[in-house]
Amino acid sequence: MLFVNNLSKEYNHFSFMNKKSASNRLSNLHDKTHNRSNQTSFNHREIEKVWQKKWEENKLYYASDASDKKKFYQLIEFPYPSGAGLHVGHVRSWTGMDAYSRKKRMEGYNVLYPIGWDAFGLPTENYAIKMGVHPSIITSKNIENFKRQIKSLGISFDWSREINTSDPMYYKWTQWIFLKLYEQGLAYQSETYVNWCPYCKTNLADEEVLANGTHERCGNLTEKRLQKQWLLRITKYAERLINDLEKVNFSPSIRDQQINWIGRKSGAEIVFQLKGKSDKIKVFTTRPDTIFGVTFMVVSPEYAEKYLVNLITEDNKNEVIEYISKSLQKTLIERDNIKKEKTGVFTGIYAINPASDIEVPIYVADYVLSDYGTGAVMGVPAHDERDFAFAKKHSIEIIEVVDGAKEKDSAFSGSGKLINSGDWNGIKVPENLSKIISDIEKQGWGKAEATYHLHDWVFSRQHYWGEPIPIIHCSDCGAVAVSEKDLPVELPYLEKYKPSGTGESPLADATEWLNVACPRCGKQARRETDTMPNWAGSNWYYIRYTDPSNNKEIAAKDKMKHWLPVDFYQGGVEHITLHLLYSRFIYKFLYDIGVVPTDEPYKKRRSHGIVLGPDGRKMSKSYGNVINPDEIVEKFGADTIRLYEMFIGPFENTVAWSYESLEGCSRFLGKLWRAFNTKVEEKTSNILSIKLNQTIKKVDTDVEELKYNTIVASLMELLNVWDDEESLSHDDAKKLCCLIAPFSPHLAEEVWVNVLGEKFSVHQAPWPKHDPKLVIEQTITIPIQVNGKLRSTIEVGREKADDKKTILELAKSDEKVKKWIERKEIKKEIYIEGKLVNFVVN
RNA sequence: GCCGUGGUGGCGGAAUGGCAGACGCGCAGGACUUAAAAUCCUGUUUCACAAUUGUGAAGUGUGGGUUCGACUCCCACCCUCGGCACCA
């Protein structure tokens, strides 16, 4: 109840206040046009548009391929053009990096800061279905809206390089990359269990399914389905995707999340011979040192179905088959929920432990995962908790092989000396694992092996709105690649594009498009009907920005060489194990086949936190807490929302929207505007000069670290000093104007040209430098502590700072300090030059 | 369970070994106004005492430690958020 009241109060307050402030600003407009020097209010509605137009006309933010300046490639994640339009989260990321880019330009860099549209994919298609408008139409409509919104914010994108992943001239190259992957054997078709989203009616990659089993886009529970699909062999790059993280500057959480997801574990693969059969079972283990303790084996239901069904003895067959089919019907979640219970059935088959020669029974159990390791495990009940539980339940022998267990009713997985292990007895494990593994290889029991959590990437979707996979299926020749000269394989216009749910995409009904001659034998053949996931187009888009209209190549070599790699990539945390991982893989592949110039695409990667609603919840229509940037721009201006989103909190933190804080920023800009109009004088006072130089220094370093909130705070401090009857010269006003330009570009431009009378544009002016002599105050305040507690402060001239004797004398004679050191023995006198005095007394 | 991040006023947060709470919000009081809005000024960690400038104590998740001095470094623990997890 309380909560609801607060919220409505907030909204009421907001709308009330805005009506007033809006009309106020409008009423000021009249005076303003007649006498600029007297104006007390910045009319953002008029002024912002004027400058946006002029920047565009003068191509101020166009990045030239032929420039003597040092290049800087600044990238933000391009949006999918949703119907909801720009989110204030986009605004945060893009204006933050806009400030970064603007500063870089002023510092003399040739900055590439491009934008485009990730237009293919599920979200767009789902939205089109909901609105009953064809995705191609809704896409271009949404793009128009996004463009208008972005332009109203004054973001310095280079619009000449705009790209769209659903444009045939763009996806021609997405398909080309697929052909290259296919050529190299990195794209292949296979029938395996995949994640199926019943709501979106499509396959999904592992990365698109959250830990709780739901689809990351729609939030619905996914299922496992056996289906033939295209996969990309990303696992071949697993090692490099981990190791090469050392070459790049990613924040620790991003780096570790990727490592975590790839999930490398090393150990050994052990081969077990089946008793009385020619077949073998391979297992992966991280503890091959416990091999003498193996008393059973367990395979996953999927493994059993695929490889063991025909070997099972007649007595056990029915029970096993029933168990398998029951398990396969269970969803992942169901299998997860019964974690504790170790069900399973005996197959009647035995395997031989290669080390101890003991015959061990083989079971089928659903606690073994089919998609990790080999899908079969060796059971060492004495030293693995799950194996222990299973052995207890099924009365299997337990052989201890590592000495050190304290209790007998649980598995011991700690370190200790081997026992009951033949020649290995006495070896300390797991410390000496590498010696054990080389011994295993010598004996021929198995070999060293690593396994990964990362799987090959499920790359086909049973949807309409995506890039057609450029493959033709021929009954004689099999899957044949479309030849490069026939690219792009254009997506046909379909009226009926809703997903069917049958496992085939709606393209299966596009008869005319579907039936083609086989490129190899010329016989009647059929096009692949699956399309690529939305990640396909976003894999390589930053490469295309370097040469967006090239029709002969993905991009010209010299242009790629000039711009790549991306110097700074900034985006959301939600793509770390999706887009960010995928695009690194594709880039590495392109490097291997000699297309791109380097082996990592992004030198530096940082994330921004999400912007929550004023109520602290994720913005959502159903909560009614969505902030529309259009309204804020209209009522407060682009400069205000820009500054506010910088000030709202640390750039990488999640933050909640606050109207009150927004008003504070609006007030600051108003005050700043008035100061520029009324308080620029002949000379800069000493105090203000020092503050100005300190602020220049701080802004300079804080931009590099994305500490935008403290930048705004220090600008506010500076203005507070200026307001305190200090004077600022024209030259210093220019410096301050430049300092503000990256953050509030419109107001800065208006001040620069129309208040200070400088030449257009402030955004081409050089970035101000601080004077090292002027950041030091002439008088310093030194705190005096007694026993580490602050008792007083003294003011001294800067020139006396290195005179320890005088400072200590002054400190001791201070009235307040005297009280605390009188009649006490001073054991120690500490003076840190220019900083602090501390007396240690009894 | 594993990996990562963080824990500071009424709120967002600042300070990375040296005056804790910058800056902003909110709140309280005041000025201007017929009134309001806007704007401006003053105060604002908590507690106790003094009631005028003040005086003292406590205080950065908890408990220890290092140091003249710790929000900051070290050890142990608790909690929040994010990722992974029947991973053999």
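The values are calculated or read from the model by the stated rules, or taken from the named source; none is laboratory data. Quantities reported herein were computed from a predicted structural model and do not represent experimental measurements. All accessible areas refer to the heavy atoms of the entire protein, side chains included, with ligands and DNA or RNA removed. Shrake-Rupley method; radii C 1.70, N 1.55, O 1.52, S 1.80 Å.
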Tell me the Kirkwood radius of the range A:640-768: reciprocal of the mean inverse pair distance over distinct alpha-carbon atoms, in Å. 14.9 Å
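Computed over the Cα atoms, what is the radius of gyration of the range A:324-453 divided by 2.2 N^0.38 Å, N being its residue count?
In units of the globular-protein estimate, the range A:324-453 measures up at 1.15.
If you average 1/r over every pair of different alpha-carbon atoms in the range A:55-187 and take one over that average, what Kirkwood value in Å do you get?
About 16.6 Å, per the Kirkwood formula over Cα pairs.
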Can you send over the solvent-accessible area of residue A:798, 1.4 Å probe, protein chains only, in Å² to the nearest 10? 90 Å²
Please state the relative contact order of the range A:374-423 as a whole percent: Cα pairs under 8 Å, 6+ residues apart? 33 percent
Mean accessible area per residue over the range A:91-222 (1.4 angstrom probe, all protein chains present, square angstrom) is 31 Å²
As a quick test, which of the pairs A:697/A:800; A:130/A:201; A:151/A:201; A:280/A:317; A:104/A:247 have an alpha carbon distance above 27 angstrom in this structure? A:151/A:201
For A:674, A:92, A:148, give the ranking by accessible area with the largest first, probe 1.4 Å. A:148, A:674, A:92
If I model the range A:153-211 as equal point scatterers sitting on the Cα atoms and use the Debye formula, what is log10 I(q)/I(0) at q = 0.14, 0.30 Å⁻¹? -0.74, -1.11
Hydrodynamic radius (Kirkwood) for the range A:698-789, which is based on Cα pairs only, to one decimal in Å: 15.2 Å
Just how much of residue A:523 is accessible, in Å², when a 1.4 Å probe is used and the result is rounded to the nearest 10? 80 Å²
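Evaluate the relative contact order of the range A:478-597 (contact order divided by residue number), counting alpha-carbon pairs under 8 angstrom at least 6 apart; express in whole percent.
Worked out over the range A:478-597, it gives 18 percent.
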Suppose we take every Cα in the range A:597-670 and form the convex hull; what volume per residue is that in Å³? 145 Å³
Distance between the C-alpha centers of the range A:152-205 and the range A:632-673? Whole Å please. 36 Å
Could you list, bin by bin from short to long, the percent of Cα-Cα pairs of the range A:386-496 in 5 Å steps? 2, 8, 10, 11, 11, 9, 6, 4, 4, 6, 9, 10, 7, 3, 0
Length-normalised contact order for chain A - Cα pairs under 8 Å, 6+ apart - percent: 14 percent
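Step by step: find N for the range A:744-842, compute 2.2 N^0.38 Å, then divide the Cα radius of gyration by it. What's the final number? Let's see the in-between values first.
Numbers: Rg = 22.7 Å, N = 99, 2.2 N^0.38 = 12.6 Å.
Scaled against compact globular proteins, the figure is 1.80.
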Could you list, bin by bin from short to long, the percent of Cα-Cα pairs of the range A:524-612 in 10 Å steps? 15, 43, 28, 11, 2, 0
Taking a cut-off of 39 Å, what percent of all Cα-Cα pairs in chain A are separated by more than that? 55 percent
Mind pulling the per residue volume of the convex hull built on the Cα atoms of the range A:484-538? Å³ is fine. 116 Å³
Measure out, as a whole number of angstrom, how far apart the alpha-carbon centroids of the range A:728-798 and the range A:513-536 sit. 64 Å
In whole Å, what is the distance between the alpha-carbon centres of the range A:283-330 and the range A:819-837? 77 Å
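On average over all directions, what projected area in square nanometres does the range A:252-295 have, based on the convex hull of its Cα atoms?
Projected area, direction-averaged: 4.5 nm².
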Rounding to the nearest 10 and keeping the result within 0 to 90°, find how far the Cα-based axis of helix A:44-57 lies from the longest principal axis of chain A. 70 degrees
Square roots of 5 times each gyration tensor eigenvalue, C-alpha, the range A:154-295, largest first, Å: 37, 22, 19
Using only the alpha-carbon atoms, how far is helix A:730-740 inclined from the longest principal axis of chain A? Give it as 0 to 90 degrees, nearest 10. 20 degrees
